[in-house]
Amino acid sequence: MFPGAQRLAFVLAVTGGLTLLSLKRSDEPTLSCATVNGGSNEYKVLIVGESWASYGKILPELPRAVSKRLQGRGVTACSIGFAGRNSRLLYSELREKFPTEKLYRLFDGKKPDTVVLMNGVNDEIQHVGASAYVEYTKKLVEYFSDVDDVQIIAIPRVNERRFKPPTLYSAVKRRILSCFYDQCQQQVNDLYRVALWRDHPELTTIEYDDFIDRYEGNERRYTADGVHLTDEYFHKYGEFIGGALSLRKDAAK
């Protein structure tokens, strides 16, 4: 399929792309917390993800919605976001910079009642392959193996087809990796989702489609990049997550 020099160029390009993919980002993750109806017996929610979890965009609506469901019980939610990271890089930086004992200091040293994972958008946009998304999503779940309740949000619907990378090199890399891992398909959301459900049906997943079922027709809810929600809809998203979480049976106590 790739004779002679074309084959060599393809292999070199893929190698270069994979090398770039492995580089660490210099920007630091962001951390935000919000408490609603505080008290000595607060329900604790930890959100970990990429840019969708950054800067407290889903706060305070998320803990407010959980508190309402728990008849006014106090709720503290902390959100840590690693912008631009795919699941592999998110997992790597989480291990390096935030051992669980450090994270749990956000809740006075206590384990969170629920951990919410918001990853996958960068996996599909960067075309890292469904197997990598599945492997590192599972590793993220296992990172919080001491927490009884870890829930994953299905990869949000974004503008995959017309997404414009910030640089020419990023665009070339994306094109190469899409062919290397995803059979040159530009829209892989369902491919990655199905791979996770198929390989790990035991994981608890929140359906993003219950919030926005597709990008087309909902463009006004997204910013110009087609990858992030507007501030208004990020706050609505926080309320949605707070209402969609499956809470422990004893949570209302």
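For region 212-229, which residues satisfy the criterion of being more than 19 Å from ASN122 (Cβ to Cβ) and in a loop (DSSP other than H, G, I, E, B)?
Residues satisfying the conditions are ASP213, ARG214, GLU216, GLY217, ASN218.
Have a look at PHE180, PHE163 and point out the one that is touching a residue at least 12 places away in the same chain (Cβ under 8 Å), touching a helix residue (DSSP H, G or I) at 6+ places or on another chain (Cβ under 7 Å), surrounded by fewer than 19 Cβ atoms within 10 Å (Cβ to Cβ) and farther than 22 Å from SER51 by Cα.
Among PHE180, PHE163, only PHE180 is touching a residue at least 12 places away in the same chain (Cβ under 8 Å), touching a helix residue (DSSP H, G or I) at 6+ places or on another chain (Cβ under 7 Å), surrounded by fewer than 19 Cβ atoms within 10 Å (Cβ to Cβ) and farther than 22 Å from SER51 by Cα.
Taking interchain pairs and intrachain pairs at least six residues apart, which have beta carbon atoms under 6 angstrom, with the first residue in region 40-58 and within 10 Å of PHE234 (Cα to Cα) and the second of a type in the set (Phe, Trp, Tyr) and crowded, with 22+ Cβ neighbours inside 10 Å?
Qualifying pairs under 6 Å: ILE58/TYR237.
Can you tell me which residue is surrounded by the fewest Cβ atoms within 10 Å (Cβ to Cβ) among those in region 125-146 that are in contact with an Asp or Glu (Cβ under 6 Å, 6 or more places away or on another chain) and in a helix (DSSP H, G or I)?
If we take residues in region 125-146 being in contact with an Asp or Glu (Cβ under 6 Å, 6 or more places away or on another chain) and in a helix (DSSP H, G or I), then VAL134 is surrounded by the fewest Cβ atoms within 10 Å (Cβ to Cβ).
Filter region 230-249 down to the residues that are surrounded by 12 or more Cβ atoms within 10 Å (Cβ to Cβ) and free of Cβ contacts under 8 Å to residues at least 24 places away in the same chain and list them by number.
If the condition is that a residue be surrounded by 12 or more Cβ atoms within 10 Å (Cβ to Cβ) and free of Cβ contacts under 8 Å to residues at least 24 places away in the same chain, then THR230, TYR233 are the ones that fit.
Inside region 96-147, can you point out the residues that are acidic (Asp, Glu) and closer than 21 Å to GLY242 by Cβ?
Across region 96-147, the qualifying residue is only ASP113.
Residues in region 147-172 that are at pLDDT below 95 and outside any loop (DSSP other than H, G, I, E, B): how many?
Of the residues in region 147-172, 5 are at pLDDT below 95 and outside any loop (DSSP other than H, G, I, E, B).
Looking at this structure, is ARG95 over 18 Å from the mean Cα position of the chain (by Cα), farther than 15 Å from ALA53 by Cα and part of a helix (DSSP H, G or I)?
When the stated conditions are applied, ARG95 does not pass them.
When only residues in region 214-229 that are crowded, with 18+ Cβ neighbours inside 10 Å and of a type in the set (Ser, Thr, Tyr) count, which is farthest from GLU160 (Cα to Cα)?
Per the criteria, the residue is TYR222.
From THR223, THR205, which residue is in contact with a Phe, Trp or Tyr (Cβ under 8 Å, 6 or more places away or on another chain), more than 24 Å from GLN71 (Cβ to Cβ) and β-branched (Val, Ile, Thr)?
Exactly one residue qualifies, and that residue is THR205.
Could you count how many residues in region 230-249 are of a type in the set (D, E, K, R) and assigned to a helix (DSSP H, G or I)?
Final tally of qualifying residues: 4.
Please specify each residue of region 110-124 satisfying the condition of being β-branched (Val, Ile, Thr) and either part of a strand (DSSP E or B) or surrounded by fewer than 20 Cβ atoms within 10 Å (Cβ to Cβ) (or both).
Within region 110-124, THR114, VAL115, VAL116 meet the criteria.
The values are calculated or read from the model by the stated rules, or taken from the named source; none is laboratory data. Here the structure is a predicted model, which means the values were calculated and not measured. Counting neighbours? That spans all protein chains shown, and the Cβs are built from the backbone with ideal geometry, glycine included.
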